[in-house]
Amino acid sequence: MKKLLIIIAAFIIMSCDKNKYLSIKSPDEKINLKFELINGIPYYSVNKSNLEVINNSRMGISFKEFDLIENFKIIGSNKENVNKNWTPLYGEENIIRNNYNELNIFLENNKSKINITFRVFDDGIAFKYQVPTQKHISSYYIVDEKTEFNLSSKDSALWIPAFSYRRYEFLYAYSSVDDISKEFYSKKVENLTYDSLGINAAHTPLTIKKDNNLFISIHEANLIDYSSMTIAPKGEGKLEVELYPWSDGIKVKSNKGINSPWRTIQISNSSSGLLNSNLILNLNDDPEEDKDFSWVKPGKYMGVWWEMIGTNESTWWPSKNHGANNDKIIKYMDFASDHGFDGLLVEGWNKGWYPEWCCSGNGIPFSFTESVDDFDIEMLSEYGAKKDIFIVGHHETGGQIQNYENQLEDAFKLYNLNGIKNIKTGYVNDVSKNIKRIDENGNINREWHHGQYMVNHFQKVIELAAKYKLNIITHEPIKDTGLRRKYPNYISREGAKGQEFNGFWTNGVNHATDLPFTRMLSGPMDYTPGIFQLNNFRYDSPETKNIDKGAIVPSTIGKELALYVVYYSPMQMAADLPKHYSKHLEAFEFIKNVPVDWSERIILDSEFREYVTIARKDKNSGNWYVGGITNENERNLKINFSFLDMKKDYKLVMYTDTEDTHWKYNPMKYQIRQQKIKSEDTININLAPGGGFAFEIIEL
Ligand code: NOJ
Ligand code: CA
């Protein structure tokens, strides 16, 4: 649709004493943003329908050689309104509305110029800094970003610790915003006291339930060539941006001005409203005009994977139990092809794996072009091609970035030659600030996982992958800030505690219901749902193969199915083993049928940290799918079908827990029922403790 752009060139700058303020509202006029200079210092504040969202908060950036934090005067400003629709290549909705009011403010102090752009949408606000290239400045080295978010001590955050060893792979803590600290986390969730590097801060998206009952999510959009933002508590409800530094302490390095990512605050009266926001994608760009991404196709895949990380019956490294061997892969390919999947992930195919490979950031570097002896890439790719199954490639870097970058192009070429379309990448390195970077003088520096160095690495990978028509699914990634709009081949990523932890450790029963309100707000997740064998699945070791009675996936089969609808991902994995699916082929039918590309998303109902139900419409038919999950609490939910077309009849297939299903005591019990349904109907569904349900609603 053609862009509707109204530029309101002249408007009045209000004056009160020597302070000046400017303000704009959201298109629906409910959100109000005010910017002002108080004694030359920039501040912003936000409210929604007269409820306070952000109290007066400072803005600005300190550079190594100059400051852009005070002594400002406004040298100009303008406003515009944008209201246009755009169509993502794939996604949760067919058409996305991008409607906002924008305020551009041009500031200057005695050192430099800085422009601040605010956008106010109906579902939140965003702002960014732009420091233009200026003749008298040769380096733009950021030492501190001063952006604040002034809340109240009574506001509560659902958060994971930043500057901590396991990147984003943590359970969520719930506390006052003032209590975000490693100390609090260590008391309540997991001991981090030994991990003393870095400051106390939380990752974004940071979800906050305000004392006035508003829900907000603080995050960033369009993170390119900058350090990723964390949020640090400063007491009395005040939060401040903290950027991951380079090893020399500089946060962001540039020689040509600064164009910061958007700082975003999604705002809603309800938890469901937060889940319904497209603000992050709206703040990203479309692909460049000469770039064709029509080759990017969403899909579903299985994998030679859970048998290493979950059941522990095979190894990634060469051994008599090596998982990625030709015979095994052919069997998986046959099964995946018979059941209509698109891909098969194969991990442990390349040289460099050994039992202690994991986590130190040192050790034997991986090869990305040489296969181990019992893996024949050409033969398997040809076999797969005949059966319409492509291998999903795997690049575990172990966090050895330079080793990976040196091989990147050759690695992509190899996959290209063999018809591989998707690569799962991995960056396991379980030590804080431990990404090895050898500089031009041969010195070894240790970088954080989420600083500018790594942001730029992920960017390099995605751009080169696009050249080779490859999609990337990153594990241990940089968080999603909506770049999949401009680079649709950045198709999915992990970036939270996923299912894998239920394999080798546990996520507990309440983590799965925290994710929709936190991690999922940033974008698609490769959670890897669909485990059917929920207990007695894990061996103590691949050699002895004694069942570990204590290992459980704290879920139910009904919930595992629901996750395909609740957790959006354009590449979805059916993570369990063929032998486990074969025991429950009727339930497996749902995984086979559920789409991965949607035209509509409706958050039917949710309660923060308790439960959520989501309905999605298939992009390629009139069929709908509904998923609902609950935390440890059993509940009865009434599903209203008013989202269906009033003029049509539908067949409803319900995959639900039974009366005696329980995540701990009886997790694999489910029932499947069918009936006709119309839009005026309602149905009550019982969710077991830790359980869930999935509906397939087929247009008749
Ligand atoms: C961690 C990833 O999340 C997991 O999926 C992968 O199997 C291992 N690293 C090995 O690469
Ligand atoms: Ca991981």
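So for the range 257-279 (the condition being of a type in the set (G, A, S) and closer than 30 Å to K433 by Cα), does at least one residue qualify? The answer is yes, given that some residue of the range 257-279 is of a type in the set (G, A, S) and closer than 30 Å to K433 by Cα.
Scanning the range 403-431 for residues that are of a type in the set (G, A, S) and within 16 Å of ligand 2 (Cβ to nearest atom) yields a count of 1. In the range 550-568, of all residues being in a loop (DSSP other than H, G, I, E, B) and in contact with an Asp or Glu (Cβ under 6 Å, 6 or more places away or on another chain), the one that is surrounded by the fewest Cβ atoms within 10 Å (Cβ to Cβ) corresponds to Y568. With a requirement of 3 or more residues that are surrounded by 15 or more Cβ atoms within 10 Å (Cβ to Cβ), the strands (runs of 3 or more DSSP E) lying completely within the range 14-107 that satisfy it span 19-25, 31-38, 41-48, 51-58, 61-63, 73-86. When V372 is tested against (1) without any contact (Cβ under 8 Å) to a residue 60 or more places away in the chain; (2) surrounded by fewer than 16 Cβ atoms within 10 Å (Cβ to Cβ); (3) more than 29 Å from the chain's Cα centre (by Cα), just one condition goes unmet, and that condition is (2). Determine whether the range 435-447 contains at least one residue that is of a type outside the set (S, T, N, Q) and within 16 Å of ligand 1 (Cβ to nearest atom). Yes, there is a match, as at least one residue in the range 435-447 is of a type outside the set (S, T, N, Q) and within 16 Å of ligand 1 (Cβ to nearest atom).
Between G482, G523, G498, the distinction of being of a type outside the set (F, W, Y), within 15 Å of ligand 1 (Cβ to nearest atom) and modelled with pLDDT of 95 or more belongs to G498 only. The residues in the range 640-695 that are closer than 23 Å to E589 by Cβ and part of a strand (DSSP E or B) can be counted, and the count is 25. For the range 408-432, a residue qualifies if it is away from ligand 1 (no atom under 16 Å from the Cβ) and either assigned to a helix (DSSP H, G or I) or touching a Pro at 6+ places or on another chain (Cβ under 9 Å) (or both), and the qualifying residues are L408, E409, D410, F412, K413, L414, Y415, N416, L417. Among the residues of the range 382-406, those that are surrounded by fewer than 19 Cβ atoms within 10 Å (Cβ to Cβ) and polar (S, T, N, Q) comprise Q402, N403, N406.
Of all residues in the range 492-522, those satisfying the criterion of being within 12 Å of ligand 2 (Cβ to nearest atom), surrounded by 23 or more Cβ atoms within 10 Å (Cβ to Cβ) and assigned to a loop (DSSP other than H, G, I, E, B) are E494, G495, A496, K497, G498, Q499.
Looking only at residues of the range 337-346 that are buried (at least 18 other Cβ atoms within 10 Å of the Cβ) and without any contact (Cβ under 8 Å) to a residue 60 or more places away in the chain, we find that the one that is nearest to N312 (Cα to Cα) is V346.
Residue pairs whose Cβ atoms lie under 7 Å apart, sitting 6 or more positions apart in sequence or on different chains, and linking a residue in the range 348-367 that is in contact (Cβ under 8 Å) with a residue 12 or more places away in the chain and closer than 18 Å to E447 by Cβ to a partner that is outside any loop (DSSP other than H, G, I, E, B) and more than 16 Å from ligand 2 (Cβ to nearest atom), are G361/K436; P365/N403. Of the residues making up the range 113-139, those that are under 18 Å from V252 (Cβ atoms) and not polar (S, T, N, Q) are K113, I114, I116, F127, K128, Y129, V131, P132, I137. Pairs meeting the criteria (first residue in the range 476-495 and over 14 Å from D286 (Cα atoms), second residue within 16 Å of ligand 2 (Cβ to nearest atom) and of a type in the set (K, R), beta carbons under 7 Å, at least 6 apart or on different chains) are E476/R167; P477/R493; D480/R493; G495/K479; G495/R519.
Just one of the listed residues (G419, G384, G323) is under 30 Å from V455 (Cα atoms), small (G, A, S) and free of Cβ contacts under 8 Å to residues at least 60 places away in the same chain, namely G419. Filtered by the rule that a residue be of a type in the set (S, T, N, Q) and away from ligand 1 (no atom under 15 Å from the Cβ), the range 448-479 gives Q452, N456, Q459, N471.
Counted as qualifying within the range 242-325 are the strands (runs of 3 or more DSSP E) with 1 or more residues that are within 16 Å of ligand 2 (Cβ to nearest atom) and over 18 Å from the mean Cα position of the chain (by Cα), namely 299-304.
Taking the criterion of being under 15 Å from E240 (Cα atoms) and assigned to a strand (DSSP E or B), the residues of the range 145-158 that qualify are E145, E148, F149, N150, A157.
With respect to the stated conditions, I142 fails to be within 27 Å of S254 (Cα to Cα), in a loop (DSSP other than H, G, I, E, B), touching a Ser or Thr at 6+ places or on another chain (Cβ under 8 Å) and not hydroxyl-bearing (S, T, Y). Tallying residues that are part of a strand (DSSP E or B) and either within 16 Å of ligand 2 (Cβ to nearest atom) or closer than 13 Å to Y332 by Cα (or both) within the range 379-395 yields 5. Taking the numbered list (1) at pLDDT 95 or above; (2) within 15 Å of ligand 1 (Cβ to nearest atom); (3) in contact with a Gly (Cβ under 9 Å, 6 or more places away or on another chain) in turn, G393 passes all entries but (3). Under the condition of being surrounded by fewer than 22 Cβ atoms within 10 Å (Cβ to Cβ) and charged (D, E, K, R), which residue from the range 274-306 is nearest to ligand 1 (Cβ to nearest atom)? This residue is K297.
Candidates in the range 326-351 are the residues that are away from ligand 1 (no atom under 14 Å from the Cβ) and assigned to a loop (DSSP other than H, G, I, E, B); of these, the one that is nearest to I420 (Cα to Cα) is D342. Taken over the range 446-476, the criterion of being within 16 Å of ligand 2 (Cβ to nearest atom), over 19 Å from Y415 (Cβ atoms) and assigned to a loop (DSSP other than H, G, I, E, B) is satisfied by H449, H450, E476.
The values are calculated or read from the model by the stated rules, or taken from the named source; none is laboratory data. Here the structure is a predicted model, which means the values were calculated and not measured. Cβ atoms come from the backbone with ideal geometry, glycine included; neighbour counts cover every protein chain shown.
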